[in-house]
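Chemist: Structure in structure tokens, see below.
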Amino acid sequence: MKLNINHITLNVILGVYEFEQQAPQSVRVDVAYYFFDYLAACQTDNLADTICYATVAEKLQSVCNRKKYQLVEHLAWELSEVLVKDLEMAADIKVTVYKEAPVDNIHQCIVEIERHYAT
């Protein structure tokens, strides 16, 4: 079973240029959970048996609030870390971060981090 939470908007200080470190910018994040079986919520209709989207967004924003980041790769790793750490169900996770590029001839930088469940 796959659960996607897409287009999460986060505010973060991110970038290697001095002007990027002056104020937060918006980045977009997609999170995909790949569960090894169907979630109990499919049958129970109970929020406690699934992933709460609001909680995921809050956790990700809290990571962004911790510090200033230079690299999208590092931010993506830290976001995946908090999700893996708090995961109560067996699943693989993919976190995708979309950052607008600070240079004129590049529209966007996209970093994907895939974390695999380890027993």
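Chemist: Can you tell me which of Ser62, Ser80, Ser26 is surrounded by 12 or more Cβ atoms within 10 Å (Cβ to Cβ), farther than 20 Å from Glu114 by Cα and hydroxyl-bearing (Ser, Thr, Tyr)? Before you say what the answer is, go through the steps one by one.
Modeler: Values: Ser62 fails: surrounded by 12 or more Cβ atoms within 10 Å (Cβ to Cβ); Ser80 fails: farther than 20 Å from Glu114 by Cα.
Residue meeting the stated conditions: Ser26.
Chemist: Moving on. Hey, any hits in segment 24-45 for a residue that's of a type in the set (D, E, K, R), at pLDDT 95 or above and in contact with a helix residue (DSSP H, G or I) (Cβ under 7 Å, 6 or more places away or on another chain)? Spell out how you get there, then give the answer.
Modeler: So in segment 24-45, the residues of a type in the set (D, E, K, R) come out as 28, 30, 37, 45.
Filter once more, keeping what is at pLDDT 95 or above: 28, 30, 45.
Subsequent filtering for residues that are in contact with a helix residue (DSSP H, G or I) (Cβ under 7 Å, 6 or more places away or on another chain) retains none.
No.
Chemist: Scanning segment 29-59 for residues that are surrounded by 11 or more Cβ atoms within 10 Å (Cβ to Cβ) and hydroxyl-bearing (Ser, Thr, Tyr), which turns out farthest from Ile5 (Cα to Cα)?
Modeler: My answer is Thr44.
Chemist: Right, something else. Of everything in segment 1-23 that's in contact with a helix residue (DSSP H, G or I) (Cβ under 7 Å, 6 or more places away or on another chain) and more than 17 Å from Asp92 (Cα to Cα), which residue is surrounded by the fewest Cβ atoms within 10 Å (Cβ to Cβ)?
Modeler: Of all residues in segment 1-23, those in contact with a helix residue (DSSP H, G or I) (Cβ under 7 Å, 6 or more places away or on another chain) come to 5, 8, 10-15.
Filter once more, keeping what is more than 17 Å from Asp92 (Cα to Cα): 8, 10-15.
Working: Ile8: 18, Leu10: 21, Asn11: 13, Val12: 24, Ile13: 17, Leu14: 23, Gly15: 20.
For segment 1-23, the residue satisfying everything is Asn11.
Chemist: Still on this structure, please answer the following. Under 7 Å by Cβ, and 6 or more places apart or on different chains, what pairs join a residue from segment 15-31 that is in contact (Cβ under 8 Å) with a residue 40 or more places away in the chain and within 10 Å of Lys99 (Cβ to Cβ) with one that is of a type outside the set (Gly, Ala, Ser) and assigned to a loop (DSSP other than H, G, I, E, B)?
Modeler: Partner pairs satisfying both residue conditions: Gly15/Gln70; Gly15/Pro102; Glu20/Pro102.
Chemist: Residues that are under 14 Å from the mean Cα position of the chain (by Cα): which helices (runs of 4 or more DSSP H) entirely in segment 1-106 hold 3 or more of them? Break it down stepwise before answering.
Modeler: Working: elements: 41-44, 53-66, 72-86.
Result: 53-66, 72-86.
The values are calculated or read from the model by the stated rules, or taken from the named source; none is laboratory data. Keep in mind that this is a model prediction, so the values were computed, not measured. Glycine gets a Cβ as well: all are built from the backbone with ideal geometry, and neighbour counts include every protein chain shown.
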